[in-house]
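Okay, handing you the structure first.
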Amino acid sequence: VALADPDASAEGLRATCEQVLQLSTQQEQLIDTLLTLATSERGIERWEPADLADAVEGCAASRRHEADRRGIVIDLALSPARVLGDPALIESLVANLIDNAILHNVSDGRIEIETTVSSDGRPTLSVRNTGRLVPAGEIDHFFQPFRQLGKERVQHTNGHGLGLSIVRAIADAHGGAISAETRK
């Protein structure tokens, strides 16, 4: 459209090119997200030892700048929590949880991430944030693809409502379980 305008200025063409680049980046992120979802639903092809605590530590470190920018404090309480599975998918699970905790938080908020081993020997990852309260009846909807809460979440440009469906698919593929509850 910009090229068809004979009176288009260099400034206008530059703005159009920047919009096209931004849309291209968003499409690339969506494709990567859909591929991760498809891969995790297909099942695990390589089983290797991994530690949830290591995955959390690495992912949290790589996202600390964004959290700091938004004034969000990330508190880690990490104990070894060894699992057997696909390390790349495990990292994707952790990254999606941390990204959601940052994205759906309040400025000057807090994120608490803990890894433990339950009394029955199961590795456990817990992520809590100070984001908007979600009605108890809405929580399960977030694990469905393309589901988000209200207009506030839909307006974010770096999400498509796939993060928690990916988390569930990865947990399922590893024989794990995922649950969510509203803050009290």
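If we sort 57-65, 95-103 on the protection proxy, mean other Cβ atoms within 10 Å, highest first, what's the order?
95-103, 57-65
I want to verify the translational diffusion coefficient of region 78-117 in µm²/s; compute it with Stokes-Einstein, Rh as the Kirkwood radius over Cα pairs, at 20 °C and 1.002 mPa s.
The estimated diffusion coefficient comes to 184 µm²/s.
A further question on this structure: How high is the FRET efficiency between GLU48 and VAL106 when r is their beta carbon distance and R₀ equals 25 Å, given to the nearest 0.05?
FRET efficiency, GLU48 to VAL106: 0.10.
Tally Lys/Arg at +1 and Asp/Glu at -1 over every other residue whose Cβ is under 11 Å from the Cβ of ARG63; what's the total?
Net of charged neighbours comes to 0.
So, one more: How much length is gained on full extension from ALA88 to LEU76, taking 0.36 nm per residue of separation minus their Cα-Cα distance?
Contour length minus the Cα-Cα distance gives 2.2 nm.
Values quoted throughout were computed directly from the atomic coordinates according to the rules given, and no laboratory measurement underlies them. All figures in this text were calculated on a predicted structure; none of them were measured in a lab. Note that we place each Cβ from the backbone using ideal geometry, even for glycine, and neighbour counts take in every protein chain shown.
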